[in-house]
1. Scan the stretch 83-101 for residues that are assigned to a loop (DSSP other than H, G, I, E, B) and not charged (D, E, K, R) and jot them down.
2. Is at least one residue of the stretch 42-57 surrounded by 15 or more Cβ atoms within 10 Å (Cβ to Cβ), in contact with a Cys (Cβ under 9 Å, 6 or more places away or on another chain) and either modelled with pLDDT of 95 or more or within 30 Å of Ser143 (Cβ to Cβ) (or both)?
3. Among the residues that make up the stretch 12-22, is at least one of them among the polar types (S, T, N, Q) and modelled with pLDDT of 90 or more?
4. Have a look at Ala94, Ala98 and point out the one that is within 17 Å of the chain's Cα centre (by Cα), of a type in the set (A, V, I, L, M), surrounded by 11 or more Cβ atoms within 10 Å (Cβ to Cβ) and closer than 13 Å to Arg33 by Cβ.
5. Working only within the stretch 30-51, note down all residues that are farther than 15 Å from Ser106 by Cβ and in contact with a helix residue (DSSP H, G or I) (Cβ under 8 Å, 6 or more places away or on another chain).
6. Could you tell me whether any residue of the stretch 123-144 is touching a strand residue (DSSP E or B) at 6+ places or on another chain (Cβ under 9 Å), of a type in the set (Gly, Ala, Ser) and over 15 Å from Ser27 (Cα atoms)?
7. Given the conditions (1) modelled with pLDDT under 95; (2) aromatic (Phe, Trp, Tyr); (3) within 21 Å of Gln46 (Cα to Cα), and given that Phe138 satisfies all but one, which numbered condition is not satisfied?
8. Please enumerate the residues belonging to the stretch 101-132 that are buried (at least 16 other Cβ atoms within 10 Å of the Cβ) and free of Cβ contacts under 8 Å to residues at least 60 places away in the same chain.
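The values are calculated or read from the model by the stated rules, or taken from the named source; none is laboratory data. Not measured: the values here are computed from a predicted model. So basically every Cβ, Gly included, is an ideal-geometry build from the backbone, and we count neighbours across all protein chains shown.
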Amino acid sequence: MALGRRSVRSSCIVIDVSSWSAGRQASPGLRLRDKSLSDSTFHLEQTCILSLARDGEPMVFDELPIWVDNWQRLGLVNLTFTEWLSSPDDGTDAYGWAKERPEYQSLVTELEESGLSETREAAYDRGILRTTPLGQRFHEVVSQPN
């Protein structure tokens, strides 16, 4: 997601939401898992990862899952892992960025360094973060010039 003119400020950090209102009302999201190779067990490592970047560099916010959870409770967004985005017509993968995220790479390194990579692996669930009609209206109100 490229940084744009319209942003929401929270705790002195700017998160771009312009793509959520500029005709695209859904963004790909991930849930990171530490998964067993021998059975179906897993441990959730992170409940929300978005493709946030500044100048081509991934931005990581430890508070992001809390922010998204609060936005959901306020009715501004909906994050679901029962649906995901299909690939656009140009053939690119909407989730192609997933394995390049620092959070994913960190889990891979952690599993390797702890000697668990023989029995466990990093995995992710694809999801969608959608702005609700209330969230769209809220964005319009707070992004208007004073």
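1. Our first condition is that a residue be assigned to a loop (DSSP other than H, G, I, E, B); within the stretch 83-101, this holds for 83-97, 101.
Of everything in the stretch 83-101, those that are assigned to a loop (DSSP other than H, G, I, E, B) and not charged (D, E, K, R) turn out to be Trp84, Leu85, Ser86, Ser87, Pro88, Gly91, Thr92, Ala94, Tyr95, Gly96, Trp97.
2. Checked against the condition, which is being surrounded by 15 or more Cβ atoms within 10 Å (Cβ to Cβ), in contact with a Cys (Cβ under 9 Å, 6 or more places away or on another chain) and either modelled with pLDDT of 95 or more or within 30 Å of Ser143 (Cβ to Cβ) (or both), the stretch 42-57 yields no hits at all.
3. Step one: of the stretch 12-22, the residues among the polar types (S, T, N, Q) are 18-19, 21.
From what's left, modelled with pLDDT of 90 or more: none.
Within the stretch 12-22, not a single residue is among the polar types (S, T, N, Q) and modelled with pLDDT of 90 or more.
4. On the way: Ala94 fails: closer than 13 Å to Arg33 by Cβ.
Step by step, each of Ala94, Ala98 is checked, and only Ala98 is within 17 Å of the chain's Cα centre (by Cα), of a type in the set (A, V, I, L, M), surrounded by 11 or more Cβ atoms within 10 Å (Cβ to Cβ) and closer than 13 Å to Arg33 by Cβ.
5. Correct list: Thr47, Cys48, Leu50.
6. Looking for residues that are touching a strand residue (DSSP E or B) at 6+ places or on another chain (Cβ under 9 Å), of a type in the set (Gly, Ala, Ser) and over 15 Å from Ser27 (Cα atoms), one finds at least one in the stretch 123-144, hence yes.
7. It fails just one condition, (3).
8. Thr132
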